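Asks: Once you've had a glance at the structure underneath, I'll fire off some questions.
The values are calculated or read from the model by the stated rules, or taken from the named source; none is laboratory data. Note that the structure is predicted; figures quoted are calculated from it, not measured. Using ideal geometry, Cβ is built from the backbone for each residue, glycine included, and neighbour counts are taken over all protein chains shown.
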Amino acid sequence: MSWSLYSFPRAILHIDGDAFFASCEIALNPKLKGKPVVTGKERGIASSMSYEAKAKGVTRGMILSDVRKYCPDAVILPSDYETYSLFSKRMYAVVRRYTPAVEEYSIDECFADLTGLRRPLRMSYRHMAERIKHELDSELGMTFSVGLAPNKVLGKVASKWKKPSGLTIIPARDIEEYLRDLPLIKIWGIGPQTTQFLNKMGVATAYAYANKPQEWIAAHMSKPYKEIWQELRGEFVYPLNLEEKHDYQTISKTKTFTPPSRDPGVVFSQLSKNIENACIKARRHGLAPKKIYFFLKTQNFDFSGLELELTSPLSAPHEMVRLVRSVFHKVFRPRFLYRATGAILMDLRIEGGEQLDLFGKVAELHKWKPVYATVDMLDGKFGKHTVFLGSTLKAMRDSTHTTTHNTAPGRTQNLFKGENSRQRVGIPMLGDVK
Amino acid sequence: MKTSSAQKFRGMVEAGFPSAAEEELLDTMTLEEFLIENKEATFMLKVKGDSMIDAGIMEGDMVLVERGKQPKSGNIVIARIDGEYTMKYYRKRNGKIFLEAANKKFKPLFPEQELLVEAIVIAVIRKY
């Protein structure tokens, strides 16, 4: 049976950068083409990998020592979020040449609503999708997978249908063909728990789910899954969120220190200093993270780290240090010799946009604003770290705290006259040319 | 009409000299707009060596390039040869494509298999 008579009651495009971070690196450096490229060196885990690396078994989140085991010839690079963000912005901008209705879903994905543009643009939806893909591929120097469907859930099915560099079009009439053998876990918004539950109920494929009668859905599933059910049947339920996003940016501070240490006090102090530095940068840009990740690196280049989710965005280092201290023992192992620590602020928001909470925590943090404004002013006048936290004291006093050059992105080390380590021209750099 | 009486009073506002700048500025562009035509397709590189010195391109210069454009004979292009970027004149003579330096010390490069043009040079910037 067919759920719709029309091909595109709505025309929603989903665009997904193939192995995005790794592809950005390859777009900048042609020597990497055809090689297994892995990013995430600064975190000790693979954050993205080229298809060549994927073929050898490298997966997202894999520890780098394992990456080297599976793929000894892997080119492992530090993540260069500045460059990835530039590419990301360009992706959105290319799509906006065709429609203003673009949802910046994540750094490497976006949705676009093309509904109603056939007449003004004088082309079919397929033609628009092809043109957008061609412009993205040729102008950004990497490939994108594109899906066109009547809604977001099916748009995602379409863009994943053929990867890398696919272009898949699912008109409402043909939805069943695509869903027939598709496992539920492949559907956006359906996780392992729900898949297991549905499997137990005898529903194994997206098609079987979409074919369940409305009464069954109402009796067994909560609202989000009812919406997914509707979208699988070709209805348009999820609107596009057209606000500009910032949360894909991250701020990271990583330092190696000598001599290496087993002393938790010394290691924590180094971490505290990184957190302070990251917060200084966040405050300079008026941003506050919702998540923080910290890690310790041993003499043998083993990494261990932990991600913390904050109840509200925060750029006050003393509060962040307090949170990290409460879980530090889970990461620090006494027998190991540590040589570096790092702090990464993620899911950044514009500071001041946070909601007040019931217990007054946010209001209390607001009181610190003038304090840090003064700290920043003093640092500006008398040099960095004129004022610092007590927890950072050890790091300030005894060890040399050097930047780990091997984990800093190449761009920060190849500057033009007039650029500095803080600010560079906002155009992706292809490197040197003879 | 109500609006017309309101308009009469606008003449009373003392504004000093009219600012000539505002209207005139509509017809200006920023340096960025002047240099860059297609923002999303524009990348930069840093020049090493002196192979394009006679074209006025020196070591350390910033070159702006545009991806996704068809090269024409006489363009300065960024081409890929053996996995390396090289910046040369793109030449087409008697149906044959080759790369030419702007420096007599360098011989023209005839591609053995294929020549991949990655981008076309659209500007050179040097800061003193």
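Asks: Out of all the residues in segment A:316-336, is one or more assigned to a loop (DSSP other than H, G, I, E, B) and either among the hydroxyl-bearing types (Ser, Thr, Tyr) or without any contact (Cβ under 8 Å) to a residue 12 or more places away in the chain (or both)? Step through it out loud before you land on a result.
Replies: Our first condition is that a residue be assigned to a loop (DSSP other than H, G, I, E, B); within segment A:316-336, this holds for A:316, A:332-336.
Narrowing further to those that are either among the hydroxyl-bearing types (Ser, Thr, Tyr) or without any contact (Cβ under 8 Å) to a residue 12 or more places away in the chain (or both): none.
No, segment A:316-336 has no match at all.
Asks: Which one of the conditions (1) surrounded by 13 or more Cβ atoms within 10 Å (Cβ to Cβ); (2) touching a strand residue (DSSP E or B) at 6+ places or on another chain (Cβ under 8 Å); (3) not polar (S, T, N, Q) does B:Glu40 fail to meet, given that it meets all the rest?
Replies: (2)
Asks: Pull up segment A:34-77, narrow it to residues that are of a type in the set (Asp, Glu) and part of a loop (DSSP other than H, G, I, E, B), then point me to the one that is surrounded by the fewest Cβ atoms within 10 Å (Cβ to Cβ).
Replies: Taking the candidates together, the pick is A:Asp73.
Asks: For B:Val124, are the conditions met, namely being within 11 Å of chain A (Cβ to nearest Cβ), touching a residue at least 40 places away in the same chain (Cβ under 8 Å) and within 12 Å of the chain's Cα centre (by Cα)? Reasoning before the result, please.
Replies: On the way: within 11 Å of chain A (Cβ to nearest Cβ): no; touching a residue at least 40 places away in the same chain (Cβ under 8 Å): yes; within 12 Å of the chain's Cα centre (by Cα): yes.
It is false that B:Val124 is within 11 Å of chain A (Cβ to nearest Cβ), touching a residue at least 40 places away in the same chain (Cβ under 8 Å) and within 12 Å of the chain's Cα centre (by Cα).
Asks: Taking into account only those residues within segment A:262-298 that are surrounded by fewer than 20 Cβ atoms within 10 Å (Cβ to Cβ) and among the small types (Gly, Ala, Ser), which is modelled with the lowest pLDDT?
Replies: The extreme case among them is A:Gly286.
Asks: Name the strands (runs of 3 or more DSSP E) wholly within segment B:19-118 that hold at least 1 residues that are more than 9 Å from chain A (Cβ to nearest Cβ) and not hydroxyl-bearing (Ser, Thr, Tyr)?
Replies: Because the criterion is at least 1 residues that are more than 9 Å from chain A (Cβ to nearest Cβ) and not hydroxyl-bearing (Ser, Thr, Tyr), the strands (runs of 3 or more DSSP E) in segment B:19-118 that meet it are B:76-81, B:84-93, B:96-100.
Asks: Here's another thing I want to ask about it. Just give me the residues in segment A:81-105 being away from chain B (no Cβ under 14 Å) and touching a strand residue (DSSP E or B) at 6+ places or on another chain (Cβ under 8 Å), in sequence order. Walk me through it before giving the result.
Replies: Narrowing segment A:81-105 to residues away from chain B (no Cβ under 14 Å): A:81, A:84, A:99-101, A:103-105.
The answer is A:Tyr81, A:Thr99, A:Ala101, A:Glu103, A:Glu104, A:Tyr105.
Asks: Also, I was wondering about something else. Looking at segment A:43-59, which of its residues are more than 15 Å from the chain's Cα centre (by Cα) and not hydrophobic (A, V, I, L, M, F, W, C)?
Replies: A:Gly44, A:Ser50, A:Tyr51, A:Glu52, A:Lys54, A:Lys56, A:Gly57, A:Thr59
Asks: Any residue at all in segment A:60-73 that is of a type outside the set (Phe, Trp, Tyr), under 14 Å from the mean Cα position of the chain (by Cα) and within 14 Å of chain B (Cβ to nearest Cβ)?
Replies: Among the residues of segment A:60-73, not one is of a type outside the set (Phe, Trp, Tyr), under 14 Å from the mean Cα position of the chain (by Cα) and within 14 Å of chain B (Cβ to nearest Cβ), which makes the answer no.
Asks: On the basis of being under 23 Å from A:Gly410 (Cα atoms), in a helix (DSSP H, G or I), modelled with pLDDT under 95 and over 15 Å from the mean Cα position of the chain (by Cα), does A:Ser85 make the cut?
Replies: Criteria not met by A:Ser85.
One line per residue, one yes/no per condition, for (1) within 14 Å of chain B (Cβ to nearest Cβ); (2) modelled with pLDDT of 85 or more; (3) closer than 27 Å to A:Pro313 by Cβ:
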{"position": "A:Lys361", "(1), (2), (3)": "no, no, yes"}
{"position": "A:Trp368", "(1), (2), (3)": "no, no, yes"}
{"position": "A:Val371", "(1), (2), (3)": "no, yes, yes"}
{"position": "A:Val375", "(1), (2), (3)": "no, yes, yes"}
{"position": "A:Thr386", "(1), (2), (3)": "no, yes, yes"}
{"position": "A:Gly390", "(1), (2), (3)": "no, yes, yes"}
{"position": "A:Asn414", "(1), (2), (3)": "yes, yes, no"}
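Asks: So A:Ala19 passes all but one of these: (1) at pLDDT below 95; (2) touching a Ser or Thr at 6+ places or on another chain (Cβ under 7 Å). Which condition number does it fail?
Replies: Only one criterion is unmet by A:Ala19, namely (1).
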